[in-house]
Each structure stands twice: as C-alpha cells, then as structure tokens.
Amino acid sequence: MPTSRAAAGQYVRIRLHVGERPNSLMVPQEAVGSSQVGKYVYVIGEGNKVERRIVSLGPTDGDSVSALTGVAEGDRIITGNLQKIAPGALVGRRKRKPSSS
C-alpha cells in the first residue's frame, strides 16, 4: 500500500471534530473585537447605550463563532464600524430607504 510523507518543514491544516454544543449562541465573527483584556463584542444595552462584553469563544462555523460566555439570547450585537463606537455611546436606528421595485 503506498504511503505519502510530508517533507521536512511542510505543514498541514486539519480540522478535528471533538464534540457538539447544542443550543450554542452564535455571533458573527465580524462582531468580535480584541484587546489586551481579551475578546469582546459590543451590544446595545439599556437606554440604547453601547456596552462592551468580554466573551469567551468556542468553535467557528462559517462566518459565525460560538460565544460560550458574555452574551445571552436576545442581546442585540453590533456588527459594523467597531472602531467608531465606544461603551456608553447612544445608538439610534437607521431609517431604511424604501426599496424601488
């Protein structure tokens, strides 16, 4: 039976399925920021003010990553312009332009 061997210095990327976490909360990877304290997401909290939540992350699935701690079901997570927002900032809803159909 033929075998193949990798030459010295070559690397292989593998993905190993080690278990399932049913009912995991998934957040978009683009919503996750990083600081010296750790990974975080911004959520819209009481009074439409921005809150930073430190999260611990689990496995990824496509463009989403599971948030093991730090967020709860129903939290409104901010996904865009993370560099332009800060904790305590007021957030308003954007008015959508009517679609032309």
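Laboratory data are not the source of any read-out in this text; all were calculated from the coordinates shown. Computed from a predicted model, the values in this text were never measured in an experiment. Note that each Cβ is placed from the backbone with ideal geometry, even for glycine, and that neighbours are counted across all protein chains shown.
With a cut-off of 8 Å between alpha carbons and a minimum separation of six or more residues, what is the relative contact order of region 44-83 in percent? Result for region 44-83 is 37 percent. The label-point distance for T79 and V37, in a model that sets each label 7 Å from Cα toward Cβ, rounds to 2.5 nm.
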